[in-house]
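Here the structure is laid out as structure tokens; the discussion comes afterwards.
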Amino acid sequence: MVPSAVTRVVALPLLVLLHLVFSLISLVLRVSQSVLNRGTVIRRGVTPRHIALSLPSRSRKIGERSANSLKERRALLETLKRTVRWAGEDGVRELSVYTDLGMSYILIVGLD
């Protein structure tokens, strides 16, 4: 079925008009949400019993050592230390750590 000339003349402007109305309503909603939302409040909920960490690093050839790789390892170790400290303070019972080598460690942080 081939659309008639009248259908083309009426349908195209109607679709353009509907698109403009939709765009304006979306814009008004986004602006009003950004004005009315003065910040996100994070409320403390139930402390999780288990947290899993995945500590990736860039893959390197075996035996390759560089200043960047040592910095990365120190940063990952510091991240792990901070996470264990935080988990112990907040009452997390178990912490799983996965490395890029496929190794996993389970740490029992605190017992209730």
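Of all residues assigned to segment 59-79, at least one qualifies as being among the hydroxyl-bearing types (Ser, Thr, Tyr), at pLDDT 80 or above and either at positive phi or part of a helix (DSSP H, G or I) (or both).
For segment 19-32, the condition holds for no residue, the condition being that it is open to solvent by less than 100 Å² (accessible area, probe 1.4 Å), touching a strand residue (DSSP E or B) at 6+ places or on another chain (Cβ under 6 Å) and modelled with pLDDT of 75 or more. Contact annotation: residue pairs with Cβ atoms under 8 Å, 6 or more positions apart or on different chains, pairing a residue in segment 92-112 that is assigned to a strand (DSSP E or B) with a partner that is among the basic types (Lys, Arg) and modelled with pLDDT of 70 or more, are GLU94/ARG49; ILE108/ARG93.
The values are calculated or read from the model by the stated rules, or taken from the named source; none is laboratory data. Just so we're clear, the structure is a prediction, and the values are computed from it rather than from any experiment. Note that each Cβ is placed from the backbone with ideal geometry, even for glycine, and that neighbours are counted across all protein chains shown. We work out accessible area using only protein heavy atoms, side chains counted, and drop any ligands, DNA or RNA first. Shrake-Rupley method; radii C 1.70, N 1.55, O 1.52, S 1.80 Å.
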